[in-house]
Amino acid sequence: SNCTSVHLFDCQQAPTALTFSSCKNLRLENLKLRNSQQIHMSVEDCSHVKLAHLSITAPGTRPNTDGIHIARSRCVHVTDCTIKTGDDCISIEDGTENLHVKNILCGPGHGISIGSLGDHGSEAYVINVTVDSVTLHGMTNGARIKTWQGGRGYAKNIIFRNMIMDSVWNPIIIDQNYCDSATPCKKQKSAVEVSNVLFKNIRGTSASKEAIKLSCSSGVPCHGIALENVKLTLKGGSGVAKSTCENARWRKSGTVAPQP
């Protein structure tokens, strides 16, 4: 690979443990990362990247320990990895284009997350993301897209398919009202547009009653959301899982349960 910078830090100020920056034709295989104080691996401003057979572990109670963080990068393939951390299994940020994720085991952690996007009124773009064949155990989220009010740009052409949820708190969630702040966030009309998102062949159990949550912007509603062959039941079978929809235009194909 040709990289302008590759950094392996000691953890004095809790940096990312391993960062790949401005790399082309990067291939990384058969690596174990353990107990980073914050993000384990970051891929930034890179193109044509292949990550495979990685093992990333940290206590589920340790915050901000994302497994793999991807930003401003294109043509990235992540395959055959096991990621157990205290934050996002894989976090997909602004500038990600043509990302393929396949055969991943996650849990504990916060799921496979696109975003957060559009914080502090910023402009963000994510396009052409496919997440395929993922098993998630005991996570706070499963397939998630999260954006801030007041942002601009888009997240579009996204596929989550062939996923097994095992006691996941929010198995399917789009949240355009994300607010990671100690004080309430002000209502704003602009938002990062979320469109052309497919959730297909997703099954398993929800740890909360709200198995599917589509919480979109009133100013920039989600559209082109498709649910196909989704079956999520409440963990333990005590009661019926629910689904909510706010400002989202969606369609279904096959069986969808619970249906928004």
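Summary of values
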item: Residue within the range 130-138 that is of a type outside the set (Ser, Thr, Tyr), farther than 18 Å from Thr82 by Cβ and either touching a Lys or Arg at 6+ places or on another chain (Cβ under 8 Å) or crowded, with 24+ Cβ neighbours inside 10 Å (or both) present; result: no
item: Test result for Val43, more than 23 Å from Ala14 (Cβ to Cβ), open to solvent by less than 40 Å² (accessible area, probe 1.4 Å) and in contact (Cβ under 8 Å) with a residue 24 or more places away in the chain; result: no
item: Residue match in the range 14-34 (condition: outside any strand (DSSP E or B), among the hydrophobic types (A, V, I, L, M, F, W, C), modelled with pLDDT under 95 and exposed (fewer than 15 other Cβ atoms within 10 Å of the Cβ)); result: yes
item: Matching strands (runs of 3 or more DSSP E) fully within the range 87-142 where at least 1 residues are at pLDDT 95 or above, under 15 Å from Met163 (Cβ atoms) and of a type outside the set (A, V, I, L, M, F, W, C); result: 97-106, 112-117, 123-137
item: Flag if Ile39 is assigned to a loop (DSSP other than H, G, I, E, B) and either in contact with a helix residue (DSSP H, G or I) (Cβ under 7 Å, 6 or more places away or on another chain) or modelled with pLDDT of 95 or more (or both); result: yes
item: Count of residues meeting criterion [surrounded by 16 or more Cβ atoms within 10 Å (Cβ to Cβ), over 21 Å from Thr130 (Cα atoms) and polar (S, T, N, Q)] in the range 46-63; result: 1
item: Number of the exception - Leu232 against (1) more than 24 Å from Glu93 (Cα to Cα); (2) assigned to a loop (DSSP other than H, G, I, E, B); result: (2)
item: The range 194-242 - residue that is touching a helix residue (DSSP H, G or I) at 6+ places or on another chain (Cβ under 8 Å) and hydroxyl-bearing (Ser, Thr, Tyr) and, of those, least open to solvent (accessible area, probe 1.4 Å); result: Ser206
item: Residue in the range 157-164 that is of a type outside the set (D, E, K, R) and touching a residue at least 60 places away in the same chain (Cβ under 8 Å) present; result: no
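The values are calculated or read from the model by the stated rules, or taken from the named source; none is laboratory data. A quick note: this is a predicted structure, and the numbers were derived from the prediction, not measured. Using ideal geometry, Cβ is built from the backbone for each residue, glycine included, and neighbour counts are taken over all protein chains shown. We work out accessible area using only protein heavy atoms, side chains counted, and drop any ligands, DNA or RNA first. Shrake-Rupley method; radii C 1.70, N 1.55, O 1.52, S 1.80 Å.
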